[in-house]
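Heads up: the structure comes next, in structure tokens.
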Amino acid sequence: MKTAPLKDILAPLSNYLSGIVFVVVFLVYANTLNHQFALDDYSIIINHSYVQNGIEGIPDILKTNYRHGQGGFNDGLYRPLSLVTFALEKSFFNSDPSIGHLINVLLYAIAASLLFKALRKLFFNAPLIVPLGIVLLFALHPLHTEVVANIKGRDEVLAFLGFSGTLVLALRYLESSNKSIALFAILSFLLALFSKESAVTYALIIPAVMAIDSSIKKRDLFKIGGALAVFSIAFAGLRYYIVNSMQRAIDPGNFGLLNNPIAASSDPMFKWGGIFELQWVFIQKLMFPFQLLHDYSYNQIPLIKLSSVKAILGILLLLGLSFLSSVLLKKRNVWSILALVYLGTIAVISQILVTVGIQFAERMLFLAVLPLSILIVLGAKHLLQKKNAIFSLTQQKTLALLVIVLGGLYSFKTLERNAEWENNFTLFGADIKKGSNSARINYNYGSELNEQAMKTANATQKNQLHTDAAKYLQRAIQIYPDYQDAYNNLGLVFKELGQFDKSILTHRKNLEKHPNYTKGYFNLGTTYYAKKDYRSAIQYLQEYCNRQPNQSNAYFLMGQAAGLLGEFNEAVDYLNRSLDLQPNEVNVINYLGMAYGMSNQAKKAEQQFLRALNLSPQRTDILMNLALNYHNQGLIIKEKEVLNRVLSIQPNNAAASNQLQQLENTP
């Protein structure tokens with residue numbers, strides 16, 4: 001292999017550049033290390049039962065779809081490796097978010113360093129500023145914040161690690177024909193495939209990137225591409241089998257209007273207009289990555305007609321890139337190669353060949369940043385060098401300055417965006433200002449405001465947070481009138497505001513539109529309970545239990561409601577049902593004792609109070625109930641013993657002191 005030119009401004013640092021890439025990338029993302037969980041971290045880590053089972057959950061992870069650990073939900077995805085890492089983190093670090101963020105940043109920095117090694121081989125005749133500039137512009141690009149700053153983005157980070165490893169190992173294999181290197185290249189590619197399905201496109205992208213080096217023979221490129229294609233096809237078959245072997249079919253909501261208006265559109269003019277408009281969105285985000293959002297679902301990018309200017313321009317863009325990548329590719333023209341690489345990176349996400357479960361997300365353009373970065377650096381080099389045979393030191397310094405300036409702008413925006421990803425509150429609060437047309441961003445922010453209100457002790461602040469939450473949830477419904485979860489959360493907010501009639505109206509409207517929205521019956525029942533309409537509360541809680549059996553909490557609430565209606569036998573029945581499901585729930589046992597007491601079954605009441613105290617001996621409220629039960633039976637000695645026990649736990653308990661004093665004064 002040839003060496004870099006002797007006159008190279010970075011020659012003194014030649015042996016340290018890979019490490020420099022690692023350090024720079026790590027430092028730019030270091031402000032995420034103390035972040036909390038955000039967005040999809042909850043569904044993929046915290047609320048994923050297989051992940052939360054730790055190492056023991058790994059077998060389930062390997063044989064089920066991506067989100068199967070959320071109650072069997074089938075999202076049609078198969079990405080086991082990132083889930084395996086999260087399960088390991090659960091076992092060893094109890095899902096500590098700081099560990100998750102650290103691992104993301106380390107893996108990303110390592111992958112960037114490997115990419116530099118690969119690019120250095122590809123551009124062996126160019127000064128070192130070329131591969132260094134490319135990898136820095138790629139790694140620092142703000143579009144990557146969604147992937148690195150969100151722990152869930154581990155799937156994309158691992159796929160990138162697999163991509164970089166496969167590329168550098170494939171290049172080394174061509175140098176040495178060492179079968180061990182070929183084996184590691186295959187393992188690296190499998191790492192990418194089992195991290196994210198879109199890695200199947202690497203079978204095209206990797207040999208296309210390698211084609212930049214004109215010294216690599218075409219037959220070698222086809223050999224490598226063919227080998228990768230075989231594994232891609234095999235993985236695609238495995239994924240198909242796994243996803244379709246699940247008990248539940250792929251959820252149709254993945255392709256509904258809220259997630260992907262393009263997939264949901266029945267009008268071909270708007271469907272294809274939206275597809276071709278999307279191509280311009282890609283270019284806009286790649287070139288000007290300065291207004292970033294965590295969500296672009298309905299109706300942030302409204303569909304347009306196929307006859308509109310943007311759609312026509314999108315068609316022309318794709319035709320131009322296709323022509324460039326096919327006609328000039330035979331000559332190994334670098335611009336045609338970059339066009340082919342770009343088309344490979346958007347092959348899945350363009351919505352032309354396949355339909356995906358979202359309209360657009362910044363992570364979808366992760367690898368598309370690579371041909372852009374190569375284009376910027378090589379384009380600048382071409383303009384600076386013109387027709388000169390040698391790329392002079394002065395020209396190298398100018399290119400280095402360009403990389404520093406643009407990389408600095410990227411870094412500034414990346415640091416800023418990283419900070420917004422600290423947690424849900426900071427992320428949703430930042431994005432609502434830029435993405436007010438997205439139903440989901442309004443829903444996310446409104447729901448998060450409600451969560452913040454529930455944590456706030458100050459009554460004035462709590463009321464304001466709930467009021468603001470209602471505003472954004474209503475906006476979400478205004479944008480997308482069939483938004484079930486937005487109706488549900490709005491009803492909950494109205495209940496917290498004490499606006500019970502509004503809450504009931506909201507829940508009932510939601511259930512009229514979506515009668516199978518099961519948890520809506522529970523929330524409507526709890527609202528009636530808060531309104532003290534206990535009969536209606538029981539009605540809707542019972543309907544909830546009919547649709548979702550074995551709900552201990554619902555039976556508990558029905559038991560309380562029946563008791564408040566004076567229907568103690570019914571209360572006993574509901575409370576016993578609750579305990580059949582959760583036998584050691586102390587509060588339910590206590591209420592069962594009270595229900596027995598109110599129905600003049602003192603012995604059974606005593607049994608339940610003693611049962612509760614056996615589980616929670618320091619509960620003075622239960623002791624007071626037991627004392628009252630003894631009092632009603634005329635068992636004064638036992639009553640005094642219990643009251644003294646209360647005072648031994650709470651010496652200042654006025655009720656116990658007063659009752660003891662009355663007992664002492666009673667002849």
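The values are calculated or read from the model by the stated rules, or taken from the named source; none is laboratory data. Note that the structure is a prediction, hence the values are computed from the model and not measured. Cβ: placed from backbone, ideal geometry, glycine included. Neighbour counts: every protein chain shown. The protein model used for the area step is the full one, side chains on, heavy atoms only, and it has no ligands, DNA or RNA in it. Shrake-Rupley method; radii C 1.70, N 1.55, O 1.52, S 1.80 Å.
Centroid-to-centroid, using Cα positions, region 131-179 and region 390-410 are 23 Å apart.
So with the 1.4 Å probe, I'd like the accessible area per residue for region 120-263, rounded to whole Å².
It amounts to 36 Å² per residue over region 120-263.
Solvent-accessible area per residue in region 1-76 equals 50 Å², computed with a 1.4 angstrom probe and all protein chains kept.
Using only the Cα atoms of region 328-401, what semi-axes does the equivalent ellipsoid have when each is the square root of 5 times a gyration tensor eigenvalue? Give whole Å, largest first.
Ellipsoid semi-axes (Å, largest first): 33, 16, 6.
Computed from Cα positions, the angle between helix 439-455 and the longest principal axis of the chain comes to roughly 40 degrees.
Tell me, what is the percent relative contact order of region 501-632, built from C-alpha pairs under 8 Å that lie six or more residues apart?
14 percent
Past the 17 angstrom mark, what percentage of all C-alpha to C-alpha distances in region 222-324 do you count? Tail of the P(r) past 17 Å holds 68 percent of the pairs. Here the mean projected area of the convex hull built on the C-alpha positions of region 60-118 is 5.3 nm². Distance between the pseudo-spin-label points of residue 34 and residue 13 (7 Å out from Cα toward the beta carbon): 2.9 nm. Using a simple spin-label model with pseudo-atoms 7 Å out from Cα toward Cβ, residue 316 and residue 247 lie 5.5 nm apart. Using R0 = 35 Å, the C-beta based FRET efficiency linking residue 598 and residue 425 works out to 0.20. Here the accessible area is traced with a 1.4 Å probe on the protein chains. For the chain, carbon and sulfur cover 58 percent of it. Working ranking of peptides 223-231, 14-22, 625-633 by packing, defined as the average number of other Cβ atoms within 10 Å per residue, highest first, is 625-633, 223-231, 14-22.
Viscosity 0.692 mPa s, temperature 37 °C: what is the translational diffusion coefficient of region 146-236 from Stokes-Einstein with a Kirkwood Rh over Cα pairs, rounded to a whole number of µm²/s? Don't skip to the answer; put the middle values down first.
Values: Rh = 13.2 Å.
Diffusion coefficient, whole number: 248 µm²/s.
Helix 654-665 and the long axis of the chain differ in direction by around 20°, with both axes built from C-alpha atoms.
The mean sequence separation of alpha-carbon pairs under 8 Å and at least six residues apart, normalised by the residue count of the chain, gives a relative contact order of 11 percent.
Over all pairs of distinct alpha carbons, what does the Kirkwood formula give as the hydrodynamic radius of region 615-667, in Å?
Answer for region 615-667: a Kirkwood hydrodynamic radius of 10.9 Å.
In this simple spin-label model, placing a label point 7 Å from the Cα along the Cα-to-Cβ direction at both residue 416 and residue 352 gives a separation of 3.3 nm. Distance from the Cα centroid of region 20-53 to that of region 470-498 is 30 Å (rounded to whole angstrom).
Could you order the peptides 640-653, 418-431 from most to least packed, using the average number of other C-beta atoms within 10 Å per residue?
Those peptides, ordered most packed to least, come out 418-431, 640-653.
From the gyration tensor of the Cα coordinates in the chain, what semi-axes in whole Å does the equivalent ellipsoid have, largest first, with each one equal to sqrt(5λ)?
61, 27, 23
Share of Cα-Cα pairs in region 278-398 beyond 24 Å, in percent? Mind dumping the intermediate values first?
Details: 2743 of 7260 pairs.
Percent of Cα pairs beyond 24 Å in region 278-398: 38.
Neighbours of residue 299, meaning other residues whose beta-carbon lies under 12 angstrom from its beta-carbon, give a summed charge of +1 when Lys and Arg score +1 and Asp and Glu score -1. Seen from residue 498, the other residues with C-beta closer than 14 Å to its C-beta sum to a net charge of +3, counting Lys and Arg as +1 and Asp and Glu as -1. Under the criterion of Cα pairs below 8 Å and six or more residues apart, the relative contact order for region 411-544 equals 15 percent.
For region 156-195, the Kirkwood estimate of the hydrodynamic radius, built from every pair of different alpha carbons, is 9.7 Å. For the pairs 604/638; 285/381; 63/285; 455/519, flag any whose C-alpha to C-alpha distance is greater than 27 Å. Correct reply: 63/285. For a label point 7 Å from the Cα of residue 305 along Cα→C-beta, name the residues of region 263-277 whose backbone N is under 15 Å from it. Correct set: 267-274.
Between region 292-360 and region 587-663, the alpha-carbon centres lie 72 Å apart. Relative intensity of region 511-667 on a log10 scale, I(q)/I(0) at q = 0.09, 0.18, 0.21 Å⁻¹, equals -0.36, -1.02, -1.20, per a Debye sum over C-alpha point scatterers of equal strength in the absence of solvent. With K and R counted +1 and D and E -1, the other residues having a Cβ less than 15 Å from that of residue 242 yield a net charge of +3. Between residue 332 and residue 638, residue separation times 0.36 nm minus the direct Cα-Cα distance comes to 100.6 nm.
Packing order of peptides 363-369, 312-318, highest average first: 363-369, 312-318 (average count of other Cβ atoms within 10 Å over each peptide's residues).
Charges were assigned to the Cβ only: +1 to each Lys and Arg, -1 to each Asp and Glu. The resulting dipole of the chain about its Cα centre is roughly 2600 debye.
In terms of the Cα gyration tensor, with a ≥ b ≥ c the square roots of its eigenvalues, is region 378-492 rounded because a/c is under 1.5, prolate because a/b exceeds b/c, or oblate? In terms of gyration-tensor shape, prolate.
Listed by chain and number, the lysines whose alpha-carbon sits under 27 Å from that of residue 387, ignoring those within fewer than 8 places in the same chain, are 2, 7, 121, 217, 330, 331, 397.
Scaling against 2.2 N^0.38 Å puts the C-alpha radius of gyration of region 39-147 at 1.35.
Compared with the alpha-carbon gap, the fully stretched path from residue 93 to residue 409 is longer by 110.2 nm at 0.36 nm per residue. Gain on full extension, evaluated as 0.36 nm per residue between residue 652 and residue 290 minus their Cα-Cα distance, stands at 124.2 nm.
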